[in-house]
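Read-outs: derived from the displayed coordinates by stated rules, not from any lab. The structure presented is a predicted model; accordingly, all values stated were derived computationally and were not measured. Here the Cβ positions follow ideal geometry from the backbone for every residue, glycine too, while neighbour counts run over all protein chains shown.
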Amino acid sequence: MTIFIETDLEGISGVSSMDMVANSDRYALERLMADTNAAVRGALDGGADRVLVLDGHGGGHNFIPELLDPRAEVTGIGPVKESDACFVIGAHAMAGTQNAFLDHTQSSVSWHDYRINGRRYGEMGQLAAYAGAYGIPVVMASGDFAACAELREMMGNVETAPVKTAVGRNRAVCLPDGEAEELIYAAARRAVSLARTVRPLRILTPAVVEVEFNRTDYADAAMERRGDLERIAPRTVRRVVNEIREYGDLLI
Ligand SMILES: [Zn+2]
């Protein structure tokens, strides 16, 4: 049983302001390691024999390697395919969610909305769609209440560890550090057994992937960057994906 853990920073316990995320605050990164380790411990105690972890926020370089549980293997996104189930630690809700700490999808600067086959998804949805193409479910998330609700709405009765509550978009009220770790550990431990029962997110293909940007010039730039896009509105581009094979197939 292999568990793949994707990590992000916005939904990490104790991270309560935009500054802490933007400045890669040392405490925030220590909390990233603590939450990740709690999930690693939970996965192993729950029956996993291999745990892969991805340093996912802002393209990586957030992990403090000496603080990571040595039983975890740091990996890229591709090995999702080798796993039996995925967790997301430190998740945030999709762009346009109210009372969600730093809600966004990919770029909070340029992306207004993201859809697959007409349905809105966030970053957890992109992971679930990629994993789901290989029959693998996302069975657990930690983050603020909004992120946890988003995963449940998408995947059904999965495990969540809500470690904070957003007050508007830019501030969060957090559980004490130790309580957050216990919550994550317990949810991760229970979630391992869901690998075989939770239905993966299956996207019907060919799939239509759409990004609505915040401004027309972002759409102009996307059109220049790649030749397989169709401009369906001044700010919106889309493309048709025949088969979801790589994570990048879901991006624009
Ligand atoms: Zn992030």
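Remarks
- Ratio of Rg to Rh for the chain: 0.96 [Cα atoms; Kirkwood radius as inverse mean 1/r over pairs].
- Per-residue ellipticity at 222 nm from helix content only, as computed over the chain with -39500 (n - 2.57) for each DSSP H run of at least four residues, stands at -9000 deg cm²/dmol.
- The chain: antiparallel DSSP beta bridges as a percent of all, rounded to 5: 50 percent
- Between residue 74 and residue 251, the C-beta separation translates, for a Förster distance of 30 Å, into a calculated FRET efficiency of about 0.85.
- Each Lys and Arg adds +1 at its Cβ and each Asp and Glu adds -1 at its Cβ; summed about the Cα centre, the stretch 54-115 shows a dipole of about 200 debye.
- Cα long-axis angle, helix 145-155 against the chain (0 to 90 degrees, to the nearest 10): 70 degrees
- Taking amide H as placed 1.01 Å from N in the peptide plane, residue 7 has its amide H under 5 Å from the amide H of 54, 56, 89, each at least 5 places away in sequence or on another chain.
- Estimated distance in nm for a label pair at residue 197 and residue 215, the labels positioned 7 Å out from Cα along Cα-to-Cβ: 5.0 nm
- Angle in degrees between helix 216-225 and the longest Cα principal axis of the chain, rounded to the nearest 10: 90 degrees
- In this structure, the amide hydrogen of residue 120, modeled 1.01 Å from its nitrogen in the peptide plane, lies closer than 5 angstrom to no residue at least 5 positions away or on a different chain.
- Magnitude of the charge dipole, the stretch 108-187, Cβ model with Lys/Arg +1 and Asp/Glu -1, debye to 20: 440 debye
- Between the helical axis of 26-45 and the longest alpha-carbon principal axis of the chain there is an angle of about 70 degrees.
- For residue 243 and residue 182, the difference between the fully extended length at 0.36 nm per residue and the C-alpha to C-alpha distance is 18.0 nm.
- When the chymotrypsin sites (Phe, Trp or Tyr not before Pro) in the stretch 100-171 are filtered for DSSP coil states and for at most 15 other beta-carbon atoms within 10 Å of their beta-carbon, the remaining sites are 134.
- Among 221, 162, 126 - extreme Cα towards positive end, dipole of the stretch 122-252, charges at beta-carbon: 126
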